[in-house]
Amino acid sequence: MTIKVHARLKSRKVMILCSIIIGILILITLLAPWIAPHDPTLVNLAHKLKSPSWEYPLGTDHLGRCTLSRLLYAARISLGYATLIFLSALTIGLVVGTLSGYKGGWVDQLLMRICDGIMAFPSLLLVLGLVGIFGHGLKQVILALIFVQWVYYARIIRGMVLSLREQTYIAAAQISGSSQWTIIRKHVIPNVLPPLAVMGALEMGWAIMDISAMSFLGLGVQPPTPEWGAMIHEGKSYIRSHPELMIYPGLMIMLVVVTFNLFGEALSERYGIKRNS
(Lines give C-alpha, C1' and ligand atoms only; values in the text may rest on other atoms or scores of the structure.)
Protein backbone atom coordinates (compact mmCIF):
# COMPACT_ATOMS: atom_id res chain seq x y z
CA MET A 1 0.00 0.00 0.00
CA THR A 2 2.82 2.38 0.91
CA ILE A 3 4.59 1.62 -2.36
CA LYS A 4 1.45 2.41 -4.35
CA VAL A 5 0.93 5.70 -2.52
CA HIS A 6 4.58 6.64 -3.07
CA ALA A 7 4.27 5.81 -6.78
CA ARG A 8 1.16 7.94 -7.11
CA LEU A 9 2.80 10.89 -5.36
CA LYS A 10 5.84 10.54 -7.58
CA SER A 11 3.74 10.41 -10.76
CA ARG A 12 1.79 13.45 -9.56
CA LYS A 13 4.99 15.44 -9.01
CA VAL A 14 6.25 14.41 -12.44
CA MET A 15 2.94 15.42 -14.00
CA ILE A 16 3.02 18.82 -12.32
CA LEU A 17 6.62 19.47 -13.36
CA CYS A 18 5.96 18.39 -16.96
CA SER A 19 2.79 20.50 -17.05
CA ILE A 20 4.80 23.55 -15.99
CA ILE A 21 7.43 22.92 -18.67
CA ILE A 22 4.77 22.37 -21.34
CA GLY A 23 3.01 25.53 -20.21
CA ILE A 24 6.26 27.52 -20.52
CA LEU A 25 6.83 26.10 -24.00
CA ILE A 26 3.32 27.10 -25.05
CA LEU A 27 3.93 30.62 -23.75
CA ILE A 28 7.17 30.76 -25.72
CA THR A 29 5.37 29.83 -28.93
CA LEU A 30 2.75 32.52 -28.30
CA LEU A 31 5.09 35.28 -27.11
CA ALA A 32 8.09 34.62 -29.36
CA PRO A 33 7.64 37.84 -31.38
CA TRP A 34 7.77 39.87 -28.15
CA ILE A 35 10.44 38.04 -26.16
CA ALA A 36 12.91 37.30 -28.96
CA PRO A 37 15.68 39.92 -28.82
CA HIS A 38 16.20 40.02 -32.62
CA ASP A 39 14.64 39.12 -35.94
CA PRO A 40 15.45 35.38 -36.32
CA THR A 41 16.03 35.68 -40.09
CA LEU A 42 18.06 38.89 -40.05
CA VAL A 43 21.49 38.26 -41.59
CA ASN A 44 24.38 40.33 -40.24
CA LEU A 45 27.71 38.95 -41.38
CA ALA A 46 29.55 41.51 -39.28
CA HIS A 47 28.37 39.64 -36.19
CA LYS A 48 28.70 36.05 -37.39
CA LEU A 49 29.73 33.37 -34.89
CA LYS A 50 29.83 35.79 -31.98
CA SER A 51 30.13 34.52 -28.42
CA PRO A 52 27.27 35.02 -25.93
CA SER A 53 26.80 38.64 -24.86
CA TRP A 54 24.11 40.96 -23.53
CA GLU A 55 23.05 41.74 -27.08
CA TYR A 56 23.14 38.09 -28.18
CA PRO A 57 22.56 35.91 -25.06
CA LEU A 58 23.40 32.66 -26.88
CA GLY A 59 25.66 34.13 -29.53
CA THR A 60 25.08 34.13 -33.28
CA ASP A 61 25.27 31.58 -36.08
CA HIS A 62 27.39 31.54 -39.25
CA LEU A 63 25.20 34.24 -40.83
CA GLY A 64 25.16 36.52 -37.79
CA ARG A 65 21.60 35.60 -36.82
CA CYS A 66 20.64 35.58 -33.13
CA THR A 67 20.70 31.98 -31.89
CA LEU A 68 18.28 32.63 -29.02
CA SER A 69 15.74 34.29 -31.29
CA ARG A 70 15.92 31.39 -33.73
CA LEU A 71 15.44 28.86 -30.92
CA LEU A 72 12.36 30.71 -29.68
CA TYR A 73 10.79 31.01 -33.12
CA ALA A 74 11.69 27.40 -33.92
CA ALA A 75 9.53 26.30 -30.98
CA ARG A 76 6.51 27.68 -32.84
CA ILE A 77 7.31 25.54 -35.86
CA SER A 78 8.16 22.33 -34.01
CA LEU A 79 5.38 22.41 -31.40
CA GLY A 80 2.75 23.93 -33.66
CA TYR A 81 3.12 21.54 -36.55
CA ALA A 82 3.67 18.53 -34.28
CA THR A 83 0.30 19.33 -32.69
CA LEU A 84 -1.27 19.68 -36.14
CA ILE A 85 0.12 16.31 -37.25
CA PHE A 86 -1.04 14.55 -34.11
CA LEU A 87 -4.55 16.03 -34.05
CA SER A 88 -5.09 15.42 -37.78
CA ALA A 89 -3.84 11.84 -37.66
CA LEU A 90 -5.78 11.16 -34.47
CA THR A 91 -9.01 12.54 -35.93
CA ILE A 92 -8.73 10.33 -38.99
CA GLY A 93 -7.73 7.36 -36.85
CA LEU A 94 -10.62 7.98 -34.44
CA VAL A 95 -13.18 8.03 -37.26
CA VAL A 96 -11.76 5.00 -39.04
CA GLY A 97 -11.04 2.99 -35.88
CA THR A 98 -14.45 3.66 -34.34
CA LEU A 99 -16.28 2.87 -37.56
CA SER A 100 -14.25 -0.28 -38.12
CA GLY A 101 -14.55 -1.59 -34.58
CA TYR A 102 -18.24 -0.81 -34.09
CA LYS A 103 -19.61 -1.75 -37.50
CA GLY A 104 -17.49 -4.87 -38.05
CA GLY A 105 -18.14 -7.09 -41.06
CA TRP A 106 -17.00 -6.02 -44.51
CA VAL A 107 -16.45 -2.43 -43.32
CA ASP A 108 -13.94 -3.65 -40.74
CA GLN A 109 -12.23 -5.94 -43.24
CA LEU A 110 -11.90 -3.22 -45.88
CA LEU A 111 -10.58 -0.54 -43.55
CA MET A 112 -8.13 -2.86 -41.80
CA ARG A 113 -6.76 -4.14 -45.11
CA ILE A 114 -6.06 -0.53 -46.10
CA CYS A 115 -4.24 -0.05 -42.79
CA ASP A 116 -2.28 -3.27 -43.32
CA GLY A 117 -1.24 -2.09 -46.77
CA ILE A 118 0.13 1.18 -45.40
CA MET A 119 1.79 -0.50 -42.41
CA ALA A 120 3.53 -2.99 -44.70
CA PHE A 121 6.11 -0.30 -45.45
CA PRO A 122 8.53 1.08 -42.85
CA SER A 123 7.11 4.44 -41.77
CA LEU A 124 10.30 6.45 -42.38
CA LEU A 125 10.79 4.88 -45.81
CA LEU A 126 7.17 5.63 -46.72
CA VAL A 127 7.48 9.26 -45.59
CA LEU A 128 10.68 9.70 -47.57
CA GLY A 129 9.01 8.14 -50.62
CA LEU A 130 5.98 10.41 -50.41
CA VAL A 131 8.14 13.51 -49.95
CA GLY A 132 10.25 12.41 -52.89
CA ILE A 133 7.14 12.07 -55.06
CA PHE A 134 5.36 15.29 -54.07
CA GLY A 135 8.44 17.44 -53.51
CA HIS A 136 10.38 18.91 -50.59
CA GLY A 137 8.80 21.30 -48.15
CA LEU A 138 7.08 21.50 -44.79
CA LYS A 139 3.59 21.05 -46.25
CA GLN A 140 4.58 17.83 -48.00
CA VAL A 141 6.28 16.48 -44.87
CA ILE A 142 3.23 17.24 -42.72
CA LEU A 143 0.85 15.51 -45.15
CA ALA A 144 3.19 12.51 -45.43
CA LEU A 145 3.48 12.15 -41.64
CA ILE A 146 -0.30 12.40 -41.22
CA PHE A 147 -0.79 9.76 -43.92
CA VAL A 148 1.62 7.41 -42.17
CA GLN A 149 0.53 8.00 -38.57
CA TRP A 150 -3.26 7.74 -38.75
CA VAL A 151 -3.20 3.97 -39.36
CA TYR A 152 -1.56 3.31 -35.98
CA TYR A 153 -4.23 5.31 -34.17
CA ALA A 154 -6.95 3.59 -36.18
CA ARG A 155 -5.79 0.10 -35.19
CA ILE A 156 -5.39 0.98 -31.51
CA ILE A 157 -8.80 2.68 -31.37
CA ARG A 158 -10.41 -0.23 -33.22
CA GLY A 159 -9.11 -2.61 -30.54
CA MET A 160 -10.53 -0.43 -27.78
CA VAL A 161 -13.91 -0.14 -29.54
CA LEU A 162 -14.10 -3.92 -30.05
CA SER A 163 -13.62 -4.36 -26.31
CA LEU A 164 -16.19 -1.68 -25.44
CA ARG A 165 -18.75 -3.14 -27.86
CA GLU A 166 -19.02 -6.23 -25.66
CA GLN A 167 -19.82 -4.28 -22.50
CA THR A 168 -23.27 -4.63 -20.94
CA TYR A 169 -24.04 -0.91 -20.99
CA ILE A 170 -23.60 -0.90 -24.78
CA ALA A 171 -26.08 -3.77 -25.06
CA ALA A 172 -28.47 -1.94 -22.74
CA ALA A 173 -28.24 1.19 -24.89
CA GLN A 174 -28.97 -0.86 -28.01
CA ILE A 175 -31.98 -2.52 -26.38
CA SER A 176 -33.31 0.88 -25.26
CA GLY A 177 -33.43 1.94 -28.91
CA SER A 178 -30.49 4.35 -28.99
CA SER A 179 -29.10 4.98 -32.46
CA GLN A 180 -25.60 3.87 -33.39
CA TRP A 181 -24.42 7.49 -33.55
CA THR A 182 -25.81 8.16 -30.07
CA ILE A 183 -24.11 5.08 -28.65
CA ILE A 184 -20.80 6.03 -30.25
CA ARG A 185 -21.05 9.65 -29.10
CA LYS A 186 -22.22 8.99 -25.54
CA HIS A 187 -20.70 5.63 -24.63
CA VAL A 188 -17.84 4.74 -26.97
CA ILE A 189 -15.87 7.94 -27.58
CA PRO A 190 -15.88 9.14 -23.92
CA ASN A 191 -14.39 5.80 -22.87
CA VAL A 192 -11.54 5.94 -25.39
CA LEU A 193 -10.59 9.55 -24.61
CA PRO A 194 -8.40 8.84 -21.52
CA PRO A 195 -6.16 6.38 -23.42
CA LEU A 196 -6.05 8.87 -26.30
CA ALA A 197 -4.77 11.57 -23.91
CA VAL A 198 -1.93 9.28 -22.90
CA MET A 199 -1.28 8.43 -26.54
CA GLY A 200 -1.25 12.11 -27.43
CA ALA A 201 1.38 12.99 -24.85
CA LEU A 202 3.60 10.11 -25.94
CA GLU A 203 3.19 10.72 -29.67
CA MET A 204 3.85 14.46 -29.52
CA GLY A 205 7.50 13.71 -28.86
CA TRP A 206 7.68 11.43 -31.86
CA ALA A 207 5.99 14.02 -34.09
CA ILE A 208 8.53 16.66 -33.06
CA MET A 209 11.42 14.29 -33.75
CA ASP A 210 9.94 13.39 -37.15
CA ILE A 211 9.66 17.05 -38.16
CA SER A 212 13.19 17.74 -36.93
CA ALA A 213 14.57 14.68 -38.71
CA MET A 214 12.99 15.69 -42.03
CA SER A 215 14.28 19.24 -41.66
CA PHE A 216 17.76 17.94 -40.77
CA LEU A 217 17.73 15.96 -44.03
CA GLY A 218 16.74 19.10 -45.91
CA LEU A 219 13.28 17.81 -46.77
CA GLY A 220 11.14 19.78 -44.31
CA VAL A 221 11.51 23.38 -43.19
CA GLN A 222 13.56 25.34 -45.69
CA PRO A 223 15.97 28.22 -44.91
CA PRO A 224 15.77 30.85 -43.58
CA THR A 225 12.80 29.66 -41.46
CA PRO A 226 14.12 28.64 -38.01
CA GLU A 227 13.46 25.04 -36.93
CA TRP A 228 15.43 22.92 -34.48
CA GLY A 229 16.30 20.13 -36.93
CA ALA A 230 17.27 22.62 -39.62
CA MET A 231 19.43 24.49 -37.09
CA ILE A 232 21.30 21.28 -36.29
CA HIS A 233 21.81 20.73 -40.03
CA GLU A 234 23.18 24.25 -40.47
CA GLY A 235 25.44 23.94 -37.44
CA LYS A 236 27.06 20.60 -38.39
CA SER A 237 29.63 22.37 -40.54
CA TYR A 238 30.89 24.15 -37.41
CA ILE A 239 30.76 21.20 -35.02
CA ARG A 240 34.45 21.53 -34.11
CA SER A 241 34.76 25.29 -33.76
CA HIS A 242 31.22 26.14 -32.53
CA PRO A 243 29.47 22.96 -31.35
CA GLU A 244 26.88 25.05 -29.48
CA LEU A 245 25.14 25.70 -32.81
CA MET A 246 24.12 22.03 -32.74
CA ILE A 247 23.93 21.59 -28.97
CA TYR A 248 21.32 24.29 -28.31
CA PRO A 249 18.64 23.00 -30.71
CA GLY A 250 19.51 19.42 -29.79
CA LEU A 251 18.90 20.18 -26.12
CA MET A 252 15.55 21.79 -26.97
CA ILE A 253 14.45 18.69 -28.89
CA MET A 254 15.57 16.46 -26.03
CA LEU A 255 13.80 18.61 -23.43
CA VAL A 256 10.49 18.60 -25.30
CA VAL A 257 10.55 14.89 -26.18
CA VAL A 258 11.52 13.80 -22.65
CA THR A 259 8.90 16.11 -21.12
CA PHE A 260 6.06 14.77 -23.24
CA ASN A 261 7.13 11.16 -22.67
CA LEU A 262 7.32 11.61 -18.90
CA PHE A 263 3.96 13.41 -18.95
CA GLY A 264 2.41 10.52 -20.88
CA GLU A 265 3.89 7.95 -18.52
CA ALA A 266 2.58 9.88 -15.51
CA LEU A 267 -0.89 10.07 -17.07
CA SER A 268 -0.90 6.34 -17.74
CA GLU A 269 0.07 5.56 -14.15
CA ARG A 270 -2.47 7.96 -12.70
CA TYR A 271 -5.39 6.62 -14.70
CA GLY A 272 -4.23 3.00 -14.74
CA ILE A 273 -3.83 2.89 -18.50
CA LYS A 274 -1.34 0.45 -19.97
CA ARG A 275 0.93 1.89 -22.58
CA ASN A 276 0.73 0.24 -25.97
CA SER A 277 4.08 -0.80 -27.29
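The values are calculated or read from the model by the stated rules, or taken from the named source; none is laboratory data. Small disclaimer: the values here were computed from a predicted structure and weren't measured. So basically every Cβ, Gly included, is an ideal-geometry build from the backbone, and we count neighbours across all protein chains shown. To get the accessible areas, we keep the full protein, side chains included, count just its heavy atoms, and leave off ligands, DNA and RNA. Shrake-Rupley method; radii C 1.70, N 1.55, O 1.52, S 1.80 Å.
With viscosity set to 1.567 mPa s and temperature to 4 °C, compute the Stokes-Einstein D of region 21-86, Rh being the Kirkwood radius across alpha carbon pairs; µm²/s, no decimals.
Working: Rh = 12.4 Å.
Rounded to a whole number, D works out at 105 µm²/s.
For the chain, set up a Gaussian network in which alpha carbons nearer than 10 Å are linked by springs, and say which option among 100, 69, 163 fluctuates the most.
Maximum fluctuation in the GNM of the chain, among the listed residues, is at 163.
How much accessible area per residue does the chain have, counting only protein heavy atoms and a probe of 1.4 Å, in square angstrom?
Details: 15050 Å² over 277 residues.
For the chain, the per-residue accessible area is 54 Å².
Can you bin region 1-139 into rounded, prolate or oblate? Criterion: square roots of the alpha carbon gyration tensor eigenvalues sorted a ≥ b ≥ c, rounded for a/c under 1.5, prolate for a/b above b/c, oblate for the rest. All intermediate terms of the calculation are to be shown ahead of the outcome.
Values: a/c = 3.17, a/b = 1.48, b/c = 2.15.
Note, shape of region 1-139 comes out oblate.
Long-range amide H contacts for residue 50: which residues qualify at under 5 Å (H placed 1.01 Å from N, peptide plane, sequence gap of 5 or more or a different chain)?
Placed amide hydrogens put 60 under 5 Å from residue 50.
Could you sort 58, 262 by accessible area so the largest value comes first, with the probe set to 1.4 Å?
Details: 58 45, 262 85 Å².
So the residues, ranked largest to smallest area, are 262, 58.
How large is the accessible surface of residue 155 in square angstrom, using a 1.4 angstrom probe and rounding to the nearest 10?
80 Å²
From Cα pairs below 8 angstrom and at least 6 apart in sequence, can you work out the relative contact order of the chain, rounded to a whole percent?
Details: 365 pairs, mean separation 62.4, N = 277.
Result for the chain is 23 percent.
Counting only protein heavy atoms, what percent of the accessible surface of the chain is carbon or sulfur at a 1.4 Å probe? Please report the intermediate quantities before stating the final value.
Values: 10080 of 15050 Å².
That share works out to 67 percent.
Please find the FRET efficiency linking residue 62 to residue 217, where r is the Cβ-Cβ separation and R0 is fixed at 22 Å, and quote it to the nearest 0.05.
Numbers: r = 19 Å, r/R0 = 0.88.
Result of the calculation: an efficiency of 0.70.
Select from 80, 220, 264 the residue farthest towards the positive end of the dipole of the chain; place +1 on Cβ of Lys and Arg, -1 on Cβ of Asp and Glu, and compute about the Cα centre.
The one lying farthest along the dipole's positive direction is 264.
Charges only on Cβ, +1 for Lys and Arg, -1 for Asp and Glu: so what's the dipole of region 98-251 about the Cα centre, in debye to the nearest 20? Intermediate results must be reported in sequence, preceding the final value.
Working: 10 positive and 8 negative charges, 84 e Å.
The dipole magnitude comes to about 400 debye.
Can you compute the charge dipole magnitude of region 1-126 about its Cα centre, using +1 on each Lys and Arg Cβ and -1 on each Asp and Glu Cβ, nothing else charged? Give it in debye, rounded to the nearest 20.
On the way: 12 positive and 5 negative charges, 109 e Å.
Using only the charged Cβ atoms, the result is roughly 520 debye.
Let me know the charge dipole size of the chain about its Cα centre in debye, to the nearest 20, where only the beta-carbon of Lys, Arg (+1) and Asp, Glu (-1) is charged.
On the way: 23 positive and 13 negative charges, 144 e Å.
Dipole magnitude for the chain comes out near 700 debye.
What is the total of Lys pairs in the chain with C-alpha atoms under 23 Å apart, excluding same-chain pairs fewer than 8 positions apart?
Numbers: 4/13; 4/274; 10/274; 13/274; 48/236; 50/236; 103/186.
So the count of such lysine pairs works out to 7.
Using a 1.4 Å probe and counting only protein heavy atoms, arrange 228, 206, 34 so the residue with the most accessible area comes first. Show your work: numbers first, answer last.
Numbers: 228 0, 206 125, 34 195 Å².
Largest accessible area first, the list is 34, 206, 228.
Taking 0.36 nm per residue of separation and subtracting the Cα-Cα distance, what length does fully extending residue 236 through residue 181 add? If you can, show how the numbers build up before the last one.
On the way: separation 55, 0.36 × 55 = 19.80 nm, distance 5.33 nm.
Value of the extension gain: 14.5 nm.
Using r as the Cβ-Cβ distance of residue 189 and residue 108, and R0 as 25 Å, what FRET efficiency do you calculate, to the nearest 0.05?
On the way: r = 18 Å, r/R0 = 0.71.
FRET efficiency, residue 189 to residue 108: 0.90.
Run the numbers on region 31-171 and let me know its relative contact order in percent, using alpha-carbon pairs under 8 Å that are six or more apart. Display every interim value, and only then the final one.
On the way: 164 pairs, mean separation 32.4, N = 141.
Contact order relative to length: 23 percent.
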